[in-house]
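Undergrad: Okay, here's the structure, questions in a sec.
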């Protein structure tokens with residue numbers, strides 16, 4: 001019975017509708033918060049229903065919905081999910097609940113607009129992960145920028161206007177090339193279906209241009225070095241909720257785009273240019289790791305650490321060609337792609353948790369400077385426990401989800417090239433260095449000043465918020481099998497796609 | 001001897017409108033004090049009735065009349081309908097503005113109706129002289145409308161500039177027409193088309209004439225490098241007049257482009273394509289870059305118009321039916337969106353206060369969240385961000401040039417739309433992220449508020465379901 005419902009439409013439009021209701025209700029309304037929470041929980045439940053009805057054995061698109069949208073251009077409302085989209089949808093739905101809860105008391109200014117922006121954004125982001133029509137994808141991909149632009153600009157920090165306009169223009173710049181690529185593919189394939197795009201054969205030159213267009217569009221989102229500079233600005237200025245969504249989901253759209261568009265549509269160009277992506281990824285891992293070490297602002301530090309961690313995603317996706325070249329079986333390739341996707345999901349939870357932790361501190365102290373803290377553990381022992389746990393996860397401690405993805409990618413990298421693996425593995429040192437050093441300066445030692453001495457520990461709301469994230473990070477770290485099962489068929493399919501030349 | 005019976009029914013909307021225009025002119029002369037009110041309602045009646053007449057005959061077969069100088073086809077029906085409907089809204093928007101500035105008199109409406117008549121004639125012209133007649137009728141009315149605010153030096157200056165440059169452009173156009181007449185021996189677009197198709201003409205002289213035609217059209221559109229008048233006129237004219245100039249005449253200019261270039265000289269596509277590429281690319285670059293430097297909203301929108309004209313030309317220069325349809329979609333969407341944007345300026349204005357500086361919109365979202373949101377929709381639509389309809393307009397024209405293998409032009413177009421996004425975002429930044437300088441509420445008349453809201457929401461709704469309008473545009477050109 002569940003399968004008969006248009007679950008995907010439901011999971012997209014329910015939060016958008018909820019957001020509109022909240023928005024229309026107005027600012028003075030005490031129902032804005034509970035209503036938003038209700039809507040986000042309902043959406044999460046629907047996303048779990050997707051998981052329940054998901055068939056693990058096939059790579060085919062599931063829950064497919066198709067309706068004509070713009071008949072004259074043959075643009076369809078075409079939705080469907082596979083193993084790559086499902087975990088990201090659940091991640092999105094879960095993060096939104098967290099964001100709503102995180103903004104419960106903190107946001108006192110234009111509450112309903114804040115909640116509505118996040119609910120609408122949730123719907124749009126889920127839609128990005130489900131769209132199978134290129135124009136539909138692009139519409140949601142772009143429309144998503146509007147609420148985030150407003151969130152950073154209205155509820156952000158002192159330099160918010162600069163940050164939000166930079167964010168918007170940067171991502172818009174990338175995505176117009178995506179639009180050109182999609183239109184060109186339409187010209188060649190004669191349809192706007194992404195699945196048709198993946199079938200069409202293209203010359204090397206075409207593939208190269210298309211690949212570069214996709215790379216610009218999605219590298220900005222991921223973000224990869226050197227187009228990452230918008231991210232630290234956006235993170236620092238964004239309100240906590242904005243940072244959480246940015247880190248947890250919008251960055252993942254970059255990785256998702258690469259594996260939905262760049263790899264299957266232009267496999268030969270991906271292979272020819274894999275050195276480019278691999279080197280950019282390794283620079284992100286190593287160089288940005290050092291940059292993170294030098295930060296004095298908590299949010300900036302986590303922002304840079306996000307860039308370094310996302311380097312693993314792009315690395316994992318693009319070392320597969322080297323692995324194919326080195327071994328006949330290609331079992332390492334499966335490991336690499338699965339590791340990359342697990343890293344995306346895991347980073348979504350961990351980065352969200354880290355930003356929430358910073359939010360907890362910021363709400364009390366109104367500063368993000370590391371030097372303003374010290375000895376927080378003395379006044380906030382429970383919170384310190386969570387923070388240390390998340391920091392460990394961020395550093396890739398075995399037993400947490402942060403370990404699984406990184407470990408799989410590093411392991412696979414050995415099959416590609418020893419030096420890739422060697423450089424990637426430096427993250428285990430660098431990541432530990434910048435996170436633990438930050439923890440040491442903020443949490444341990446003597447109580448630094450009166451402000452720290454006056455801190456109160458997490459309240460019930462914050463406790464449950466952090467506890468739920470902590471348990472997910474732990475469960476995913478100890479028992480990643482359910483996630484891997486969801487991914488497996490789709491990963492295998494992606495690898496057959498990329499190993500077949502389209503020339 | 002046989003006389004061909006002239007089929008008047010094809011020109012019925014224009015004939016009706018002309019009769020009504022004369023009636024309004026007479027009535028205005030005798031009503032004195034009330035002339036504004038009476039002529040306003042009469043004009044609205046005229047526009048609505050004309051729209052009804054056009055709609056009634058929309059299924060009637062296409063054909064020529066007046067000895068081949070006048071055409072009725074799906075293109076003319078749809079564009080005329082759009083012009084009438086948009087002008088109904090223009091007049092609705094203008095009333096309160098004109099009232100507050102003591103301009104609520106018959107002249108504005110008489111001129112508006114005659115200008116509309118000019119536009120309708122342009123849309124249906126299938127003959128050089130008919131085209132010129134319509135164009136001049138429109139232009140002369142517009143010159144007078146710009147100058148209507150007699151006491152304002154800025155308006156007078158703008159009118160003067162507009163008049164002189166406009167006259168020059170008309171001269172160019174006429175010169176081009178005469179050259180083409182000299183080569184092909186005809187003024188009728190269909191016989192010009194067949195003459196060109198047959199070949200054997202002196203192509204050098206023909207393209208010489210073509211250049212002059214393009215200059216005339218480029219001027220009417222305000223395409224770079226013939227755009228000089230546009231910012232001054234938009235800025236100098238009373239906002240109600242700017243609103244009028246910025247909307248429906250663009251549709252008429254589009255019709256003129258299609259009639260002359262595609263229906264008349266379609267076989268010279270390879271000759272005019274290059275010229276239009278230059279106009280389009282320059283318009284997109286100059287329009288978008290210069291708009292960034294503006295502090296006056298009307299001037300900013302003027303430069304944004306220039307850039308939109310560049311985008312609009314893209315579809316036509318691709319030389320395919322798909323491209324023409326895309327351009328038509330763009331023209332209609334642009335008219336609708338700029339209707340809302342200038343309507344917003346009128347809504348924000350009061351007696352003695354023109355809300356035309358960008359800073360006047362500071363903190364609008366706190367003073368009036370609803371109208372800030374409406375303006376946000378309009379700005380994002382102009383920037384071409386989905387889910388607003390402006391996105392599909394850009395999508396359609398870019399798709400048509402990608403299909404025509406003009407990828408480098410497409411790359412310039414998308415890059416320029418990124419630059420363009422900046423100043424629209426700045427407008428949103430001013431409304432949403434800055435704190436208000438003035439605290440007063442917006443007290444615009446109810447009807448204006450409702451209209452603006454429906455205008456902006458229509459832009460959004462059309463963005464979510466653009467299919468039907470696109471289908472109309474495509475059917476027109478198939």
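Undergrad: Just to confirm my filter: which helices (runs of 4 or more DSSP H) fall fully inside the range B:213-310 and include at least 3 residues that are over 19 Å from residue B:326 (Cα atoms)?
TA: Hits in the range B:213-310: B:229-236, B:239-246, B:269-292.
Undergrad: For the range B:150-179, which positions are more than 22 Å from residue B:224 (Cβ to Cβ) and surrounded by fewer than 17 Cβ atoms within 10 Å (Cβ to Cβ)?
TA: Those that are more than 22 Å from residue B:224 (Cβ to Cβ) and surrounded by fewer than 17 Cβ atoms within 10 Å (Cβ to Cβ): B:150, B:151, B:152, B:153, B:154, B:156, B:178.
Undergrad: I'd like the residue in the range A:164-197 that is in a helix (DSSP H, G or I) and more than 11 Å from chain B (Cβ to nearest Cβ) and, out of all such residues, is nearest to the chain's Cα centre (by Cα).
TA: Among those that are in a helix (DSSP H, G or I) and more than 11 Å from chain B (Cβ to nearest Cβ), it is A:194.
Undergrad: Still on this structure, please answer the following. Of the residues A:126, A:120, A:146, A:135, only one is in contact with a strand residue (DSSP E or B) (Cβ under 7 Å, 6 or more places away or on another chain) and either within 30 Å of residue A:75 (Cα to Cα) or assigned to a strand (DSSP E or B) (or both); which?
TA: Criteria check complete, one pass: A:135.
Undergrad: Can you say whether residue B:268 is surrounded by fewer than 24 Cβ atoms within 10 Å (Cβ to Cβ) and more than 29 Å from residue B:348 (Cα to Cα), as far as the supplied structure shows?
TA: yes
Undergrad: Might you check whether a residue that is under 24 Å from the mean Cα position of the chain (by Cα) and either closer than 15 Å to residue B:112 by Cα or surrounded by 14 or more Cβ atoms within 10 Å (Cβ to Cβ) (or both) occurs anywhere in the range B:26-34?
TA: The answer is no, given that none of the residues of the range B:26-34 is under 24 Å from the mean Cα position of the chain (by Cα) and either closer than 15 Å to residue B:112 by Cα or surrounded by 14 or more Cβ atoms within 10 Å (Cβ to Cβ) (or both).
Undergrad: When residue A:79 is evaluated against the numbered criteria (1) under 30 Å from residue A:459 (Cα atoms); (2) in contact with a strand residue (DSSP E or B) (Cβ under 8 Å, 6 or more places away or on another chain), which criterion, by number, is the only one it fails?
TA: If we test residue A:79 against (1) under 30 Å from residue A:459 (Cα atoms); (2) in contact with a strand residue (DSSP E or B) (Cβ under 8 Å, 6 or more places away or on another chain), just (1) comes out false.
Undergrad: Mind checking which residues of the range A:352-376 are part of a loop (DSSP other than H, G, I, E, B) and crowded, with 18+ Cβ neighbours inside 10 Å?
TA: A:368, A:373, A:374, A:375
Undergrad: Which ones in the range A:124-163 are at the interface with another protein chain (Cβ under 7 Å from one of its Cβ atoms) and free of Cβ contacts under 8 Å to residues at least 24 places away in the same chain?
TA: Those that are at the interface with another protein chain (Cβ under 7 Å from one of its Cβ atoms) and free of Cβ contacts under 8 Å to residues at least 24 places away in the same chain: A:139, A:143, A:146, A:153, A:161.
Undergrad: Which one of these does residue A:203 not meet: (1) more than 21 Å from the chain's Cα centre (by Cα); (2) over 20 Å from residue A:74 (Cβ atoms); (3) within 11 Å of chain B (Cβ to nearest Cβ)?
TA: (3) is the only condition that residue A:203 fails.
Undergrad: Name the helices (runs of 4 or more DSSP H) wholly within the range B:362-478 that hold at least 1 residues that are within 25 Å of the chain's Cα centre (by Cα) and more than 9 Å from chain A (Cβ to nearest Cβ)?
TA: Per the criteria, B:369-383, B:389-403, B:407-432, B:446-464, B:467-476.
Undergrad: Has the range B:205-212 got at least one residue that is more than 23 Å from residue B:69 (Cα to Cα) and not in a helix (DSSP H, G or I)?
TA: No, the range B:205-212 contains no residue that is more than 23 Å from residue B:69 (Cα to Cα) and not in a helix (DSSP H, G or I).
Undergrad: Also, quick follow-up: Considering (1) modelled with pLDDT under 90; (2) assigned to a helix (DSSP H, G or I), say which one residue B:201 fails and leave the rest.
TA: Of everything listed in (1) modelled with pLDDT under 90; (2) assigned to a helix (DSSP H, G or I), residue B:201 misses just condition (2).
Undergrad: Another question, then. If residue A:117 meets every condition in (1) within 13 Å of chain B (Cβ to nearest Cβ); (2) without any contact (Cβ under 8 Å) to a residue 60 or more places away in the chain; (3) closer than 22 Å to residue B:364 by Cα apart from one, which number is that one?
TA: In the conditions (1) within 13 Å of chain B (Cβ to nearest Cβ); (2) without any contact (Cβ under 8 Å) to a residue 60 or more places away in the chain; (3) closer than 22 Å to residue B:364 by Cα, residue A:117 misses (2) alone.
The values are calculated or read from the model by the stated rules, or taken from the named source; none is laboratory data. Note that the structure is predicted; figures quoted are calculated from it, not measured. With ideal geometry, Cβ positions are generated from the backbone for all residues, glycine too; neighbour counts draw on all protein chains shown.
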